[in-house]
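Student: Sharing a structure with you now.
The values are calculated or read from the model by the stated rules, or taken from the named source; none is laboratory data. In this text the structure is predicted, and so the values were computed from the model without any measurement. Cβ: placed from backbone, ideal geometry, glycine included. Neighbour counts: every protein chain shown. Just the protein is used for accessible areas: all its heavy atoms, side chains included, with ligands, DNA and RNA removed. Shrake-Rupley method; radii C 1.70, N 1.55, O 1.52, S 1.80 Å.
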Amino acid sequence: MGRSTTGEGQTGDQKMVRGNKAIYEHRETGKRLRLFEGARGTVRYLGEWTLDPEQPYSEGEAPGTGGGPLRKVIRFHLVPVNAAINAPDVQIGHAYVAPNESVAPVPATPSTPDPDLVGRNLSTHRKLQNALAKEAQGRGFTALSPDASDPDFDVAWRDAEGRVTVCEVKSLTHANEARQLPAGLGQVLDYHDQLSHRAPTVSAVLWVEREPSESRWVELCARVGVTLAWPGQEDVAFKA
């Protein structure tokens, strides 16, 4: 079930700048929206939310804080992240939306859980993801981005018969591959499990920046039903 919340700015017309702009662009910048209810006394954590992809916001009128003349306000429309939906009639994903490859990376912080969200890896991740989506489209598949009802996969593609392949993309360097490979495998297995009842068949691909230093990763992924591939192995990925 969705919720609406009013944007930043207590007086005057609200504009899509500063905090409001950060909310609107949260997917592109890799930021998470965490919702809390209550301002004083008991504050309840409502979990992670995202903007409704069909109508992320609307504009209306409301008085300023403490009264005053009507002003323009922004109402963000939110839906919960990873709401578990297994119904087969709920289609996976929507038309692919390419993330901005040149967006300024978010500085690393101790709480940052994913190396792909910061520094050099953010741009590399997005280039890999966009190139793979373009390759899928060139091969006649429908490239997909996650919808509000889906887990937060990087890219997926659907064939003419409705069969879906879900993909996790990972940047990969000698310094980070010991963390990136296990993390990516765990993520794509989770996506596959959540989506397995919503398409005739669902396959899983872990797409990485380069060939791993240890070849055992290819066999390990195959044993659990995941195809591990990298640029130059597009035929392998699209046979998954």
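Student: Could you order Thr6, Thr227 so the one with the most accessible surface comes first? Probe is 1.4 Å.
Tutor: Working: Thr6 80, Thr227 35 Å².
Output order, biggest surface exposure first: Thr6, Thr227.
Student: Within region 201-240, list the trypsin sites (Lys or Arg not before Pro) lying in a DSSP loop whose Cβ has at most 12 other Cβ atoms in a 10 Å radius. Provide the component values of the computation, followed by the final result.
Tutor: Values: sites: Arg210, Arg216, Arg223, Lys239; in loops: Arg210, Lys239.
Listed in order of number, the matching sites are Lys239.
Student: Starting at 0 and stepping by 5 Å, how many percent of the alpha carbon pairs of region 183-240 end up in each bin?
Tutor: Pairs per bin, as whole percents: 4, 19, 29, 27, 14, 5, 2, 0.
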